[in-house]
Each structure stands twice: as C-alpha cells, then as structure tokens.
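Written out below as structure tokens is the structure these notes cover.
The values are calculated or read from the model by the stated rules, or taken from the named source; none is laboratory data. All values derive from a computational prediction rather than experimental measurement. So basically every Cβ, Gly included, is an ideal-geometry build from the backbone, and we count neighbours across all protein chains shown. Each accessible area value is taken on the protein alone, full model and side chains, heavy atoms only, with ligands, DNA and RNA left out. Shrake-Rupley method; radii C 1.70, N 1.55, O 1.52, S 1.80 Å.
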Protein chains: 2
Amino acid sequence: MSSAAGNAAYQRLKGRFARIAILGESQAMLHWDASAVMPPGGAAARGEQLATLAGLSHELMIDPALAADLGEAEASGAWDVANLALMREAQRRATALPTDLVEAAARANAACETVWREARAASDFRRVAPYLAEVVKLQRETAAALSVATGLSPYDSLMQGFQRGIGAADVEPIFDAYEAFLRDALPRAEQRQAQRPAAIEPRGPFAVPAQQALCRDMAQRAGLDFTHARLDESLHPFCGGTPSDVRITTRYEPGAFSQALLGVLHETGHALYERGLPTAYARQPVGEAAGMAAHESQSLIIEMQASRSDAFLGFLGPRLHAAFGGDATAYAPENLARLWRRVARGFIRIEADELTYPAHVILRFRLERALIGGDLAVADLPGAWNEGFARLLGLTPPDDARGCLQDIHWYDGAFGYFPSYTLGAMAAAQLMRAARIAVPGLDEALGRGDMAPLLGWLRMRVHGQGSRLGFQDLLREATGKLLDPADFTAHLAERYL
Amino acid sequence: MSSAAGNAAYQRLKGRFARIAILGESQAMLHWDASAVMPPGGAAARGEQLATLAGLSHELMIDPALAADLGEAEASGAWDVANLALMREAQRRATALPTDLVEAAARANAACETVWREARAASDFRRVAPYLAEVVKLQRETAAALSVATGLSPYDSLMQGFQRGIGAADVEPIFDAYEAFLRDALPRAEQRQAQRPAAIEPRGPFAVPAQQALCRDMAQRAGLDFTHARLDESLHPFCGGTPSDVRITTRYEPGAFSQALLGVLHETGHALYERGLPTAYARQPVGEAAGMAAHESQSLIIEMQASRSDAFLGFLGPRLHAAFGGDATAYAPENLARLWRRVARGFIRIEADELTYPAHVILRFRLERALIGGDLAVADLPGAWNEGFARLLGLTPPDDARGCLQDIHWYDGAFGYFPSYTLGAMAAAQLMRAARIAVPGLDEALGRGDMAPLLGWLRMRVHGQGSRLGFQDLLREATGKLLDPADFTAHLAERYL
C-alpha cells in the first residue's frame, strides 16, 4: 500500500472523526440546555434527542468504511501518529460491544437510576439492589468484551473509558500508601485544628447579584474569556459546552457564598482546560482532554491549589469584604484559610475536606473493583461499605443514604470513574509544585489575584497537549516524573499538619 | 406485495422520519441557543454543527433503504395516507437536487448574505449584484430540478418548500385584487385618520423588568404554558424550539413597550400552533405545522385579530397603566387603537401597518417570480423595485437600502417565501370570522383578557390538523371556503374605513 493511499485514508478518517465530534458537541449543548435553561416539559423529547444523536454517533463509529480506512491509514509525526492510534482505540472499543448489550445496559442504567432516587430518599438499599445487580451484571459483560478488544483487565478496560494511561495496578499501591498516611495524619490534623482559634462564619445574607458578579469576576481573573464562555445556574454545578463555547454553572444560596464561589473556581479550572486544547487538532481524538483524572487535576489546581493558597486568600479577602460588607475579620485571609481548610470526618464524599476526600474514593475504588471482579455480591455491598468506611475514617455510617446509596455513579452504570477524583487531586499537587519551580513569581502573582503565570504554564504543559499522552506520560513530560503522591502528601502536610 | 409487508415498510419509515425530525429538533435548539444565549466566540463552531446536522439529515433522507421502504409502504386511514404521501414528497424533493447544487447554493447564499450586509449599510446595490446573480442562477437551477420532481412550475416548486397547497396561479389574482382595493382604501383610510384626534404616545421610560413581566403574563393569558416554553431576548424576535419546548424571543427597549409586547403576542401565536400540533403524529411529516402561510395566520390571528381587537384593548389598557403608571389617557383603549392601528405609507416592510403591508409583499412576489422565471435580470432589480413600489404606494424609495436591499430573504436564497406573509394575514381574518361565528362569546372573553375560546377553536380547526391538509384545504375544512380575501378586506374596512 502506498503512503499516498495511506495518507488519503487518514485524511478521510479526520473528516469522519470530526463529524463524530460535532455530534458530541451538539449533545453537549443539548445537555447544558437541559441542565441550565430547559423548561421541565421538554425533558422527554430531550432524552430522545440525546439518545438519537448518541445512536448516530455510534453508527458513524462502527461504519465498515471507517474500519476500512483505519486498516489502510498511515500517519507521520507524533501528533498524527497518536491521533491515528486513538482513532483505532475508539473504534475497537465501539465495535467490541454488541448493540444488544449497549442497549440493555442503557435501559438497565436508566431503570436503576430512577429507583435509586427513591431508595436513597428512603435509605432503603434493598429496594434498588436487584436493579443494581442487573447494572453490575451488564457492566461485567461490558468489561469482559472491552477487555478482549483492549488487552487490558476487565476493570482497567472500564477505567480506560474515563482515563487512559493508568490502571488499577498503578492505583492500588498509591491508594494503600495514602490510607497509611491518613491513619497518622488525620488525628494530627484534627488535634492541630482543635488547638487553634475556630473559624468565624461570615454573616449573610449574601445578595445573589453580588455573588454572581464576584463569581464572574473571579472566573475572569482565573483566565476565562467570556466571549467564549457562559456562567449560569443549575442544580448541580458542572462544566459543559465545547472548547470554543464553554458553559460553566453553579448554584447560589443567599445564606452562604463559599459553595458558589469555590464551585465556580473549580468549574473554571475545567473550562480553562477545554479552552486551552490544541486548536490544530480540534475535533480530533488527539485534540481532546486527556481524560477525567487529567480534567480533575485542572479543576483542583485552580480551586484547591491556587484559590486556597495563602497568596490568593490575601488577595481575595478584601474583595469579599467589599462585595458583602459586614465584619472584616470574617474575611481576613487567616480566617478564610480556617474556613476553607477545615478538616472534618464525615459520611458524604461531596462534602469532604481535601484531606479525607481520598478515603471516600479509596473505599469506592476497592468496592467497585471487587464488584466488577466478581469478588463482591451486590447484596453484600452495604456491609462491605460500612466496614471499609470504619477502617478508613473510624466512623460507621448510620444508614445507607449516608453510605453506599449516596452517589449516583454506580446506579447509573459508571464503574472505573471514582479513582479520577483522587488521581486528579494528586496530579494537581504535583503539577503545582512543578509550576512553582518553573515559573518564578507564581505566588506573588496569585497574591495580586493574577493566575496568568500559572495558566501560561498549564496551557503549555497540560492543556495544549490534548490527548497526545496518557495520564502517566503527561505527568512525566510536565513534571519529570510519573504520578508521585509524595507531592500531594507534602502539600497536605504543609497545609494541615 | 402483501399488506403486512407494506405496513412493516411504513412502520420502518415512521422510525426513519422520526430520526430525521429529531435531527431537526436538535438544529432548532442549537439555532435558538445561537440567537438567545451563545457567546460570540461560539459562532464558527455553531455554524459547523448546524451544517453537519443538516448534512446527516439529508443523508438519512436520500438513503436508498428509505427509498426502498417508500416503494413498498402501504398505509390506511386518512392521517397515515397523508403521512406517507408527505414522506414521498419530502424524499422526492431531497433526491431531486444533486449534492453539488445543494452545496453550491449554500455557499453562494452564505457569500451573498455577507456582502449584502455591507451593501445594505452602504446602500450600494452594485456591490452585491454579482453575488445575487449567482444566488438567482442557482435558485433557478434548483427550481428547475424540483419542478421535474414535483410536477409544479419552477416558482411553485420553490413556494411548496414553504407552503404546500397553494401556488402562484391562486396568489396572482388575489394580489391583483388587493392592489385594486388598496388604491381606493388607502387614501380613504388616511383621510379618515387625519380627521380624528392624533394618538397620544405613552411616556416612558418603561422599565424592562416591568415589560418582561407584562409580556410573560400576556403570553400566558394567550394560552402559552411555560412548563413547555421559554421567553427570552434576541436581536430579531422569533419562535423556535420544538412542540414540547417552544422558545419565543423579543427585544426590549426602555423607551417603548409596544414593539416588545406586540412582538411577544405575535410569537406566542406561532408558539401556540407548535404546542397544539397532534402529538399522536409527533415527529412525522403529517404532524408538522401546515406551512409558513398557515404559521403566519396563527401569529397574526393572535397579534392582529385578537390582541388589537376593541374587546382585548379594553382589557389591556388598564393593565398597561398599572404596569407603567403615568398618564392614564395614553392607555385608554381608544388611544391604544389609534396607536396600534395607525396607517402610514413607508418604505420598510417590517415597519408597515396592516393595510399597506400586503403592498410590500405583492411587489416582492411579482419581482421574485420574474427573477425565477428569467423575465427580470438582477441588474434591473432596483429600477423594477422602485417603479413597482411607486405604482403600489405612490412613493419612490430614495435609495436601495430603503428599496430592494432592505430584506435578507433573497440575498440568503429564499425565493417563494414572501407570499406567506400576506396569505397568512388573509387567512387570519378568514379564520377569525369563522371562529366568531362558531364560538359564541368569543369577543366577550377577549374583553376579559381570555383567549381560551379562540384558542380552543384554533386547536381543533388548525393546530390539531398538522399537515394533513394543504393551505387551501385547511381553510376550506375550517371555514367552509377556500382562501377568500373578502374576509380580510372586510376586516380592514371595519378597522380603517
């Protein structure tokens, strides 16, 4: 086969994948609309629109003509070679799954998610157990089929769907070591906290328009350009849209501002990643974000590393006081640090502090691996959860609503996603450390409310790399080493110990 | 061929057309988003998203498997027979046009529209003339190809793309008669107006939040259910979205409220039509609105017939005064009638009053028919425009910006659309007359701000009919006769003479 024919096939593939990406962009916009502005009466039609676009996308991916082009295609240059490899991987994953299995899983997930909402409200695991058993059964079949196509273990083949370039064999020792670190660090952090003055709660109400203006200003300071972005409201904050039109949301409560503001800074981190993806490979697999752990590293480096740094709190405090008035001591940087770095063991993952959050993730990683591996029966999940939780955080959940029923993920068929949260937190610390070394004056800039030096480095080292590298290789090229949890524990030690 | 096989083919076709309709719904939502909320930086990507969805839709329509099903399909019952006939028509129209021609026309339209914006701003027809010549050439080729497929004349085959069931041979005598009516009626209306007290302009400013609340309230009173609808702002008011999630927009100016309010009532008429389409045939050709003239009849029956009726003005006046305060005499129903029924010859179609508006449309109908027929060269358009305008309204446009450059339609490749405006106005009068006869107490209800009796009749006679009938047959079943301009001129005579 001639190289000219190989190149022609590759060019055709770029067109095919761009079309698939455009269907994805359309779905992203319809999803944003559903979450942010859609009237409730539009829900049923929206579900069918999203399902139809997903079906069309799948048909384009399993088209035999696309497979023929993949067989013929040749690419040269690191980016195009990586792009072609990612095309092949995406097509292998799509064709590995029989349509019947995909549809059965989609139906089982939808049915289970509906029952889960009732079961969680009633804290009644037994109500949802048979539905979850069906979801797990179909996810195990999915994992087995993907495993054949990818050559990875079944669990890793699911994990790859969320994050390429790292697997359970990497994660397990890292998480085990964190458990050991936490056993020592958590009581020390609690003791230290108890010996210091308690945080003063700022007194509201905090007018929603003032919160909105503040959030928008801070997102802009972090580098978000509102000619290519929107900030709206939704029940659960998220970052959606497309790289040239990114949509973040938050939720305002008149009685508190921290959640909305920190939520906006978190979603801004996601949005900046999308905005910084390489435009030369827009709508190509290699031009996408590198995965969910990489994405979470970018939200957390803005929210946890930069925005809660001493330097940035020194800038932020007077702005908060100017926005909301009242007692200035509540907005003093030291008080903001106490407020936003408070350690507290709790049952709910999404309310957890930076130190204990990984324990929530470690538990879920172990349990979902056992569920997919067939080593844990769904009926035994509540017991295994409570036992594992007690071992990690020394507390026993009083009910399943505060235990294994709290998160939607499994009940919606998402297995292999949870590790991304903590891999992202660890990568954020590692990237921040590398950025501080590489970029002189980074913290001084944060002290002026200026995130541009940090953002410039992230654009070069992370955003602009697209999906050229898997998670570990991305970190190695950016920081000189594979994922190294020591940077995260050093960050935690400095902040909490 | 067995009837079972014929029915199976028809059922498959319903699935195929539902998929095509869902792509259309997705495009409608992306179009709304682009007009109402999209940040400017999203425009380029949005254009590609819309073009890709349109391309996928076209591919589904020209799929040989769809053609095979159309060949086999059998349907029974009036609705399904009509649905199958509409499927065949849609497929014939789609396959009649070579892909090269469709793409060339899309490119020519986009290029011409861009140049038109500059040409209109500079009032320089010559700048855009070569682009318009290319557009017209490709529209003539399109019309010729569609003519072969439809058996209609070239112009009628374009018109059919906007409104089925009426053609130029029907329209021509109706428009000629209106010209004759206007020659007598316009001077009389002007004279009568001059002899009456001048309308008092309400004094602003009119706070935008108060306008928004008023517009929303009036749309609800007209029957729009905001669990299935939104009201937003855009540069040009429009009605978009889907039947279960309809999106109307308007534009608020603090210095005036009439335009926003009447615009909302107009778009509400469109929205109510979409909301009232037969759900049993949702996403099927027969379940769609009957065409652009039918659609305009529904916006105008709400805006022009119901909302500007004496009865409704009697209800509205005190509400306006309550909303905006100031001098009550400006909101007296008699004054609102003078304000909103003012006759004034002018050059601009979209600013025209109810009486002279058809003259603008008649001119465009004649000229576009001549352009498509090859009887008028693009270079001669400004002269023909000005001559025709002077004959119809006795004024000569001082420049082409106020003449043949004012409307986007032709410069964007839309030929055969203009008659819909006046056919819609005439149908609105005819339907209103029939509704008044059929529904006792209709005007008394309008006097209480209650449009439910009118809406109930429209739902039964128009909205719920979908596309089962063409324009003329729809009117005949609803009113007992084909389009009868005498109802429109009687309405005008009562209001203006």
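Ignoring aspartates and glutamates fewer than eight residues from A:LYS14 along the same chain, the ones with Cα atoms less than 18 angstrom from its Cα are A:GLU25, A:GLU59, A:ASP63, A:ASP69, A:GLU72, A:GLU74, A:ASP80, A:GLU89, A:GLU288, B:GLU48. Comment: the Cα-to-Cβ extended label point of B:ALA78, at 7 Å, lies 7.1 nm from its counterparts in the other copies, nearest first.
Summing Lys and Arg as +1 and Asp and Glu as -1 over all other residues whose Cβ lies under 12 Å from the Cβ of B:GLY441 gives a net charge of -1. Measuring r between the beta carbons of A:ALA121 and A:ASP225 and using R0 = 51 Å, the FRET efficiency lands at 0.80.
Each of B:ALA106, B:LEU84, A:VAL208 was scored by the projection of its Cα onto the charge dipole of the protein assembly as shown, and the greatest displacement toward the positive side belongs to A:VAL208; charges sit on the C-beta of Lys, Arg, Asp and Glu.
For segment B:41-73, a decrease in accessible area of 40 Å² or greater in the assembled protein chains relative to the isolated chain, with a 1.4 Å probe, applies to B:GLY41, B:GLN49, B:THR52, B:LEU56.
Express as a percent, rounded to the nearest 5, the fraction of DSSP beta bridges in the protein assembly as shown (both residues included) that run antiparallel.
55 percent
Cα centroid distance between segment B:275-307 and segment A:134-156, in Å? With segment B:275-307 and segment A:134-156 each reduced to a Cα centre, they are spaced 49 Å. Inter-copy label distances at B:PRO173, using a point 7 Å along Cα-to-Cβ, come to 9.3 nm with the shortest given first. Along segment A:258-272 the Karplus relation, 6.51 cos²θ - 1.76 cosθ + 1.60 evaluated at θ = phi - 60°, assigns HN-Hα couplings of 4, 4, 5, 5, 5, x, 5, 5, 4, 5, 4, x, 4, 5, 5 Hz to successive residues, with x for each Gly and Pro. Shape summary: segment B:26-96 maps onto an equivalent ellipsoid whose semi-axes, from the alpha-carbon gyration tensor, are 34, 15, 8 Å in decreasing order. Counting only Cβ charges, +1 for Lys and Arg and -1 for Asp and Glu, the dipole size of segment A:145-279 around its Cα centre is about 420 debye. To put it simply, the accessible area of segment A:197-257 at a 1.4 Å probe is 56 percent carbon and sulfur. The charge dipole of segment B:413-476, taken about the Cα centre with unit charges on the Cβ atoms of Lys, Arg (+1) and Asp, Glu (-1), comes to about 160 debye, rounded to the nearest 20. Distance between the pseudo-spin-label points of A:ALA68 and B:GLU233 (7 Å out from Cα toward the beta carbon): 5.4 nm. For segment A:324-448, the calculated P(r) over all alpha carbon pairs, in 10 Å bins from 0 to the bin holding the longest distance, is 11, 32, 27, 18, 10, 1 percent. Per residue, the accessible area of chain B comes to 39 Å², computed with a 1.4 Å probe over protein heavy atoms only. Computed over segment B:164-497, relative contact order equals 24 percent, with contacts defined as Cα pairs under 8 Å that lie 6+ residues apart. Pairing chain A with chain B buries about 2700 Å² of accessible area. This figure sums both sides and uses a 1.4 Å probe. In chain B, a dipole from Cβ-located charges (positive for Lys and Arg, negative for Asp and Glu) runs towards its positive end, and of B:SER244, B:GLN195, B:LEU272 it is B:GLN195 whose Cα lies farthest in that direction.
Among the trypsin sites (Lys or Arg not before Pro) in segment A:174-242, those located in a DSSP loop and surrounded by at most 13 other Cβ atoms within 10 Å of their own Cβ are A:ARG203.
Computed across segment B:229-321, the Kirkwood hydrodynamic radius from all distinct Cα-Cα pairs reaches 14.1 Å. Given a Förster radius of 30 Å and the C-beta distance between B:ARG345 and B:ALA377 as r, what FRET efficiency does 1/(1 + (r/R0)^6) yield to the nearest 0.05? My answer for the efficiency is 0.60.
Take A:ASP375, move 7 Å from Cα toward the beta carbon, and the resulting point lies 8.5 nm from the same point in each other copy, nearest first.
A straight Cα-to-Cα reach below 13 Å connects B:LYS481 with the aspartates and glutamates B:ASP473, residues fewer than 8 places away in its own chain not being considered.
Cα centroid distance between segment B:353-406 and segment A:215-259, in Å? About 49 Å separates the Cα centre of segment B:353-406 from the one of segment A:215-259. The H on the amide N of A:GLY165, modeled in the peptide plane, is under 5 Å from the matching H of A:PHE471, each at least 5 residues off or on a different chain.
Distance between the modelled labels on B:ALA207 and B:ARG391, one decimal in nanometres: 5.4 nm (7 Å Cα→Cβ projection). Under Stokes-Einstein, with the Kirkwood radius over Cα pairs as Rh, the value for segment B:131-244 at 10 °C and 1.306 mPa s is 80 µm²/s. Within 10 Å of the Cβ of each residue in B:238-249, the mean number of Cβ atoms contributed by other protein chains is 3.
If R0 is taken as 60 Å, the Cβ-Cβ distance between A:ALA85 and B:ALA177 corresponds to a FRET efficiency of 0.25.
Each residue of segment B:164-497 gets 135 Å³ once the volume of the Cα convex hull is shared out per residue. Placing +1 on the Cβ of every Lys and Arg and -1 on the Cβ of every Asp and Glu, with nothing else charged, gives the protein assembly as shown a dipole about its Cα centre of roughly 980 debye.
State log₁₀ I(q)/I(0) for the protein assembly as shown at q = 0.05, 0.10 Å⁻¹ as given by the Debye formula over alpha-carbon point scatterers of equal weight, solvent excluded. Listed by q, the Debye log ratios stand at -0.38, -1.28. Modelled spin-label separation between A:ASP353 and A:ASP310, with each label point placed 7 Å from Cα along the Cα-to-Cβ direction: 1.8 nm.
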